[in-house]
1. Determine, yes or no, whether Val96 is modelled with pLDDT of 95 or more, part of a loop (DSSP other than H, G, I, E, B), in contact with a Gly (Cβ under 8 Å, 6 or more places away or on another chain) and under 18 Å from Asp71 (Cβ atoms).
2. Give all pairs with beta carbons closer than 9 Å in which a residue from the stretch 48-62 that is within 17 Å of Gly170 (Cβ to Cβ) meets a residue that is among the hydroxyl-bearing types (Ser, Thr, Tyr) and part of a loop (DSSP other than H, G, I, E, B); count only pairs at least 6 apart in sequence or on separate chains.
3. Counting only residues that are surrounded by 13 or more Cβ atoms within 10 Å (Cβ to Cβ) and not hydroxyl-bearing (Ser, Thr, Tyr), which one in the stretch 40-55 is modelled with the lowest pLDDT?
4. With the checklist (1) free of Cβ contacts under 8 Å to residues at least 40 places away in the same chain; (2) more than 21 Å from Ala83 (Cα to Cα); (3) not β-branched (Val, Ile, Thr) in hand, flag the one item Asp152 doesn't pass.
5. May I ask you to list the residues in the stretch 74-91 that are closer than 19 Å to Val108 by Cβ and either among the aromatic types (Phe, Trp, Tyr) or buried (at least 21 other Cβ atoms within 10 Å of the Cβ) (or both)?
6. Can you name every residue in the stretch 54-67 that is farther than 13 Å from Phe176 by Cβ, touching a strand residue (DSSP E or B) at 6+ places or on another chain (Cβ under 8 Å) and not small (Gly, Ala, Ser)?
Amino acid sequence: MTARPLAIAALALTALVLSGCADSSPDTAPESTSTISPAHQGDDVVVGPGASEDCAGVAVIVDAGDLDAADDPSTEACLPVDAPIIAADALAQAGVTTEGTDDYGDQVVCRVNGAPAETDTIVADDGTEYHETCSTMPAAFAYWAVWVRPADGEWAYAQEGLATQQLAPGDRLGLFFTLNGEPAQPAS
């Protein structure tokens, strides 16, 4: 492996750690996998393609990218909020479920809306086949990245986990499946 792919893999793993478990370590994390279940979607929540465009509240974007999952977990939602909201609560209001890992609990996002299922085959650039078990950190080449874009800012990896990441009206929360380095950054 050359220096560039190693650097990309190290960057991806670092980003995964920062996006999901910035305030936790394996020694203190819960040992069981848990799921954040969706709350009742209010009548004002807009869900569907294009829902995040021009959203004055908090926009939620789930993009499976090149993940070939049995069920596509991709969705968009606009939550009509006028005060800060925790990312986990925003996902719940948008009807998005996440699952953590055995080793890191909800500090790492392993599945979104059930994907990738353990039966889904994920193929690395080198042709290696992988099945996500959610027992520990997902593979550095195939993981859900948590991104945040402030109202007047640029997309960046979330610096906190879903349970503590604050979102203000006008912000965007993105869960993007990163496969073999793509997407390198969410589209605007």
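The values are calculated or read from the model by the stated rules, or taken from the named source; none is laboratory data. Note that the structure is a prediction, hence the values are computed from the model and not measured. So basically every Cβ, Gly included, is an ideal-geometry build from the backbone, and we count neighbours across all protein chains shown.
1. The answer is no for Val96.
2. Going by the 9 Å Cβ cut-off, the qualifying pairs are Ala59/Ser52; Val60/Ser52; Ile61/Ser52; Ile61/Ser74.
3. That would be Gln41.
4. Unmet for Asp152, out of (1) free of Cβ contacts under 8 Å to residues at least 40 places away in the same chain; (2) more than 21 Å from Ala83 (Cα to Cα); (3) not β-branched (Val, Ile, Thr): (2).
5. Ala87, Ala90, Leu91
6. Residues satisfying the conditions are Cys55, Val58.
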